[in-house]
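Some notes on the structure that comes next.
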Amino acid sequence: MSLIKSISGIRGTIGGVPNDNLTPLDVVKFASAYGTWILRQNTAAKVVVGRDARISGPMISELLIQTLIGLGIDIIDLGLSTPTVEMAVPAEEADGGVILTASHNPKQWNALKLLNNKGEFISSEDGKLLLEIANNEDFTFASVDKLGNRITKDYLQYHIDEILKLPLVKPELIKSKKFRIAVDPVNSVGAVAIPAMLRALGVEDIVVINEDVNGQFAHNPEPLAEHLGEISSVVKSEKCTLGIVVDPDVDRLAFISEDGEMFGEEYTLVSIADYVLKHNPGSTVSNLSSTKALRDVTEKAGQKYYASAVGEVNVVAAMKEHNAVIGGEGNGGIIVPELHYGRDALVGVALFLSHLAEMEMKVSHLRSTYPTYQMSKNKAELNPEMDVDKVLAEIEKKYSKRPINTIDGVKIDFDGDWVHLRKSNTEPIIRIYAESTSLTTAENLTKKILQDIGDIIE
């Protein structure tokens, strides 16, 4: 598996040879580059570090932390903590932060996600500079008297307390409803963070599965319907109000309705945006591959919706540009700028339960109040020699009479239905997302685009 080096960090599988997998040498190299980038901005630097529960987490964490200490950087070590790192960076007035997680990837993966002094993902310009530093190995380490220091802190309660301060979070109302909630944290940080958040909201009846924080994920950690049979069964058998599912770093959030059916990861953001807009009018943002339902809910509230390129850093940039009150991605990522500009399942849980308590209806009924769209997700695999940009340009030309958005690949509107084509930055493939009110229509649109790509290649 090739090592994936992107502007926001480095990701790969554990083991193997350097520069082809995420080996100790690669961790030290990119930690050195990140630390050097930090020191060029502030020679008396401090960095916050947290990780998910992956098996490789302790090893990767020590390599990263000791490398940064070797550069003369002080470390605030949060241990098992992920979205909370983004809160702790500004609270500590730190110069940056690193979250050690491969998000929804299987257990053999890990990654270094790199933050700036605002606790947000570094920009593309800074990412390119960091990669240059790494490629040139342009590092200078500190002398023995100038090594950094390490302090261990727990920021979870601070994170929860800041969420409880939000005007739209209603713990007393939630407590009065006596919700019974099942949680699947897939053997990672969520096993600690989500029950703690629920208890702070007044939820006392909690059923947790896969709660051992050992990184031995009980199922594929991506919170998709095909991986969540166990939690769906538990919600029904235990007669729960709903089920809550997070990925290993607690930045993606999915719900299970009381009947065991998926609420739909695309509709996590839709439902929370609906609640926010009722009380705090403003614009919304999601990426181009997210459901049209957010636009519908936003426009119904008399507000404006904006689409960004795919990627959290792009969503955040668009949210800032348009002063959005809520945003995120269709994979269950919620960004609440009043708290911080990062995907955060904890605040998503607090807002969703406040919404549910206020609406006084079952989760399945709440879901039925939103427009229903069906999405088809596919990909076209190409030869490595193929010019992917040329293929996308030909698709754009073919459908030039249709409304087209090209800020990230090519998105084509078909009288309300849409298809979005994006090239992968790491593989010779084109990802194809299509959405319609009918799954058959969405799949047929995908087949048509795949045929078009085949014709172009021939």
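The values are calculated or read from the model by the stated rules, or taken from the named source; none is laboratory data. These numbers were taken from a predicted model, which means no experiment stands behind them. Cβ sites come from the backbone with ideal geometry, for glycine too, and all protein chains shown count toward neighbours. Note: areas computed on protein heavy atoms with side chains; ligands, DNA, RNA excluded. Shrake-Rupley method; radii C 1.70, N 1.55, O 1.52, S 1.80 Å.
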Once the mean of 1/r over all distinct C-alpha pairs in region 216-256 is inverted, the Kirkwood radius in Å reads 10.6 Å
Based on the Kirkwood radius over alpha-carbon pairs, what is the Stokes-Einstein translational diffusion coefficient of region 1-61 at 20 °C with 1.002 mPa s viscosity, in µm²/s? 169 µm²/s
Whole number in Å², please: accessible area per residue of the chain, 1.4 Å probe, ligands, DNA and RNA not counted. 41 Å²
What whole-number value in cubic angstrom gives the convex hull volume per residue for the C-alpha atoms of region 370-458? 96 Å³
Quick one: what do you get for region 114-216 if you divide its Cα Rg by 2.2 N^0.38 Å? 1.60
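Take the Cα radius of gyration of region 170-299 and divide it by 2.2 N^0.38 Å, with N its residue count; two decimals is plenty.
After normalising by residue count via 2.2 N^0.38 Å, the value is 1.08.
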When the distances between all Cα atoms of region 138-177 are binned every 10 Å from zero, what whole-number percent does each bin get? 20, 26, 17, 17, 12, 9
What is the log10 of I(q)/I(0) for region 406-458, computed with the Debye formula using one identical point scatterer on each Cα and no solvent, at q = 0.16 Å⁻¹? -0.48
For an R0 of 35 angstrom, estimate the FRET efficiency from the Cβ-Cβ distance between Lys300 and Glu443 and round to the nearest 0.05. 0.80
When only alpha-carbon atoms count, how far does region 1-106 stretch along each of its three principal axes, as whole angstroms with the largest first? 37, 25, 22
Under Stokes-Einstein, with the Kirkwood radius over Cα pairs standing in for Rh, what whole-number D in µm²/s applies to region 300-392 at 25 °C and 0.890 mPa s? 150 µm²/s
Antiparallel bridge percentage (DSSP; both residues within the chain; nearest 5): 60 percent
Could I have the simple spin-label model distance between Glu230 and Asn280, label points 7 Å from Cα toward Cβ, reported in nm to one decimal? 3.5 nm
Quick one: check the C-alpha center-to-center distance for region 337-411 versus region 217-231, whole angstrom. 20 Å
With R₀ set to 25 angstrom, the calculated FRET efficiency between the beta-carbons of Ala393 and Glu321, to the nearest 0.05, is 0.40
Relative contact order, percent, the chain [alpha-carbon distance under 8 Å, six or more residues apart]: 12 percent
Hey, what's the per residue convex hull volume over the C-alpha atoms of region 256-343, in cubic angstrom? 90 Å³
When averaged across all projection directions, what area in nm² does the alpha-carbon convex hull of the chain cover? 21.3 nm²
Cα-projected label distance for Asn149 with Glu427, points at 7 Å along beta-carbon direction, nm: 4.7 nm
What share of all Cα pairs of region 100-158, in percent, falls into each consecutive 5 Å distance bin? 4, 12, 11, 18, 23, 20, 10, 3, 0
Taking 0.36 nm per intervening residue step and subtracting the Cα-Cα distance, what contour gain separates Ile55 from Asp161 on full extension? 35.2 nm
Quick check: residue separation of Phe414 and Asn42 times 0.36 nm, minus the Cα distance between them. What number comes out in nm? 128.9 nm
Pairwise label distance in nanometres, Ser123 with Glu381, each label 7 Å out on the Cα-Cβ vector: 3.9 nm
